[in-house]
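Written out below as structure tokens is the structure these notes cover.
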Amino acid sequence: MLGSVRELSDKWGLTEQLQKGEVLGPPFREVLECAVEISKRAKILAGTANSQERRIVLNVALLEIGRENDRNVTFMHECAHILTDLFYGRSCKHNQSWRDIMRLLGQNPIVSHNLSYLSRSSQAVVAWQCNNCIKKYYFVRKPRRNPSKCFCQSCGPELGHLKVIPVSCDN
């Protein structure tokens, strides 16, 4: 466990931003006590929030030097999930309520990340390529299917035969 939301928001200089949620009352105080953990297993997921367990999990890659902004944005994103769910008493996912609370916290309500080091291509263990259009399909875990039994989404089953290609460092 890295610490509580309260401890980490202090450590990472996010307390002032997070305190904007204080107007929401008891749910805000509950968020401060949520546990924050890291995941070494997550491949392309930056973070996740579990409101019932009062827990946030961040990808270990976000803790590397130079990625502080990505870490902070993800941390605030996940705090907003728990805050929204507790305030409304249900899972709000990325709905308008969550977006409103993101704005309240001074955050841009972006639903997904675009972090190159957490992309499918950078984390791929297997890659397939269409013989026709050359489109690549990246897999962060070994697929259960054989590429010969699959086809390219764009080209279809007639033209879109797939083959395994080497996974390179410069995807």
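Bear in mind that the values in this text are calculations on the coordinates, not laboratory data. Since the structure is predicted, the reported quantities are computational estimates derived from the model, not experimental observations. Glycine also receives a Cβ, built like all others from the backbone with ideal geometry; neighbour counts cover every protein chain displayed.
For Asp10 and Cys150, the FRET efficiency from 1/(1 + (r/R0)^6), where r spans their Cβ atoms and R0 equals 41 Å, is about 0.25.
For the chain, the share of DSSP beta bridges that are antiparallel, to the nearest 5, is 75%. Dividing the C-alpha radius of gyration of the chain by 2.2 N^0.38 Å, with N its residue count, gives 1.27.
Just subtract the alpha-carbon distance of Arg67 and Arg90 from 0.36 nm times their residue separation and send over the number in nm, one decimal. Mind dumping the intermediate values first?
Numbers: separation 23, 0.36 × 23 = 8.28 nm, distance 3.17 nm.
Computed gain between Arg67 and Arg90 is 5.1 nm.
Annotation for the range 13-56: GluC sites (Glu not before Pro) lying in DSSP loop with at most 12 further Cβ atoms inside 10 Å of their Cβ are Glu33, Glu53.
Counting trypsin sites (Lys or Arg not before Pro) as exposed when in a DSSP loop with at most 13 other beta carbons within 10 Å, what is the longest stretch of the chain free of them? Intermediate values should be presented prior to the final figure.
Details: sites that count: Lys40, Arg41, Arg90, Lys93, Arg141, Arg144, Arg145.
Longest site-free region, per DSSP loop and neighbour criteria: 42-89.
Just list whichever of Lys43/Lys142; Lys93/Lys149; Lys20/Lys40 have alpha carbons separated by over 23 Å in the model shown.
Going by Cα-Cα distance, Lys93/Lys149; Lys20/Lys40 fall outside the 23 Å limit.
The range 83-109 and the range 1-74 have Cα centres lying 15 Å from one another. Computed 3J(HN,Hα) for the range 152-168, one whole-Hz value per residue from the Karplus formula 6.51 cos²θ - 1.76 cosθ + 1.60 where θ = phi - 60°, is 5, 5, 7, 8, x, x, 6, 9, x, 5, 10, 9, 6, 10, x, 8, 9, glycine and proline marked x.
For the range 1-77, what is the percent of antiparallel DSSP beta bridges, rounded to the nearest 5? Don't jump to the answer; show the numbers that get you there.
On the way: 6 of 11 bridges.
Antiparallel bridges: around 55 percent, rounded to the nearest 5.
Near the amide H of Gly47, within less than 5 Å, lie the amide hydrogens of Asn59, all on another chain or at least 5 residues away, with H placed in the peptide plane. With a Förster radius of 35 Å applied to the C-beta separation of Glu53 and Ser121, the computed FRET efficiency comes to 0.65.
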